[in-house]
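Worksheet: one structure, shown below.
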Amino acid sequence: MTPEHSSERLRELGGLAPVIPVLVVHDAAQARPLAQALVAGGLPVLEVTLRTPAALDAIAQMAGVPGCVVGAGTVLGPTDVKAALAAGAQFAVSPGATDALLAACETNDLPVLPGAATASETMSLLERGYSAQKFFPAEVAGGVRALKAIGAPIPQVSFCPTGGVSPDNAADYLALDNCLCVGGSWVAPANLVASGDWEAIETLARNAAGLARN
Ligand code: 3PG
C-alpha cells in the first residue's frame, strides 16, 4: 500500500466520527461490550493500544462487532504490524515514525497514522507521502496553538491530535482546518471499563460524537 493510499484511508476513517477512542484493554472479555457501547454512542473507529497482554485478543473480539473499525495503537515496529494484522486490525497508529515501521505497513498493506510533533517530522512524513498524521503528544507539543501554527506553512497535512485531548479542549482542536479528528482516552475511563459500566461509556461516546468540527 502506498503512503498516499494509506493516508486516504485514514482520512476516510477520520471522517466517520470526530473522536477516535484510545483504549487500554486489560481483559479481552471487556472488548466486545466496550466496542458495542462506543459504536452505539456514535464512535465506530477504535484504537486499541498494544500495551497490555490482552490487546491483541481485544482487537480480534472488536473486529467482529458490527459497525466497528478497529485499529492497533502504540504500533512501534514490524513485529507489532504483523501481530496487529493477524489479530484483525484495519489500521495502525504510532506515536512517531521510523523507516522500519513505515516500510512494514506499506509492505503488509496496513494503513497507518504515523506520529509527528514538529514541522520537520511532519515534512519528513509528507515527503514520503503521508498527508494524514497523528499530532503527538498534542498538549505537551504545544496544543491547539502549535497545531494551528504548523497548519499555516503545511496546510496539506491533516492531523489527529492525541495526548491530553479532553472534553475541555477537543472542540478547539476540531475547529482547526488541519484537524481531521482527535484521539483520546476520556471516552473509556479505566474505572468505567473495569466496572463494566457500558451505559456510562455509551453516554460519553454520544457526547464526543456530537462535537462540532470544521
Ligand atoms: C495514548 O497513547 O495514550 C494517547 O495519547 C491517549 O492520550 P490521553 O490519555 O491523554 O487521551
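Here, each number is a calculation from the coordinates, and none is a lab measurement. Everything numeric in this text was worked out from a predicted model, so none of it was measured. FYI the Cβ positions are ideal-geometry reconstructions off the backbone, even for glycines, and counts take in every protein chain you see.
In region 94-111, is there at least one residue being of a type outside the set (G, A, S) and closer than 29 Å to G210 by Cβ?
yes
I'd like to verify a number: residues in region 118-156 that are farther than 19 Å from D177 by Cβ, over 19 Å from the mean Cα position of the chain (by Cα) and of a type in the set (D, E, K, R), how many?
Within region 118-156, residues that are farther than 19 Å from D177 by Cβ, over 19 Å from the mean Cα position of the chain (by Cα) and of a type in the set (D, E, K, R) number 2.
Applying the selection to region 175-195, what residues are within 15 Å of the ligand (Cβ to nearest atom) and either touching a residue at least 60 places away in the same chain (Cβ under 8 Å) or in contact with a Gly (Cβ under 6 Å, 6 or more places away or on another chain) (or both)?
C181, V182, G183, G184, S185, V187, A188, A190, V193 - these are the residues of region 175-195 that are within 15 Å of the ligand (Cβ to nearest atom) and either touching a residue at least 60 places away in the same chain (Cβ under 8 Å) or in contact with a Gly (Cβ under 6 Å, 6 or more places away or on another chain) (or both).
Could you count how many residues in region 170-214 are charged (D, E, K, R) and either part of a loop (DSSP other than H, G, I, E, B) or exposed (fewer than 15 other Cβ atoms within 10 Å of the Cβ) (or both)?
Of the residues in that region, 4 qualify.
If you scan region 144-164, which residues turn out to be of a type in the set (A, V, I, L, M) and within 16 Å of the ligand (Cβ to nearest atom)?
Selection gives V144, A146, L147.
Within region 18-72, which residues are in a strand (DSSP E or B) and crowded, with 24+ Cβ neighbours inside 10 Å?
V19, I20, P21, L23, V45, L46, E47, V48, V70, G71, A72, listed by residue number.
Report whether or not P167 is away from the ligand (no atom under 14 Å from the Cβ), in a loop (DSSP other than H, G, I, E, B) and more than 22 Å from E8 (Cβ to Cβ).
No: the conditions fail for P167.
Kindly provide the set of residues from region 70-115 that are more than 30 Å from Q36 (Cβ to Cβ), within 15 Å of the ligand (Cβ to nearest atom) and touching a Leu at 6+ places or on another chain (Cβ under 7 Å), ordered by number.
Scanning region 70-115 gives a single hit, A97.
Do we find a residue being part of a helix (DSSP H, G or I), within 28 Å of A103 (Cβ to Cβ) and away from the ligand (no atom under 16 Å from the Cβ) anywhere in region 128-142?
Scanning region 128-142 turns up at least one residue that is part of a helix (DSSP H, G or I), within 28 Å of A103 (Cβ to Cβ) and away from the ligand (no atom under 16 Å from the Cβ).
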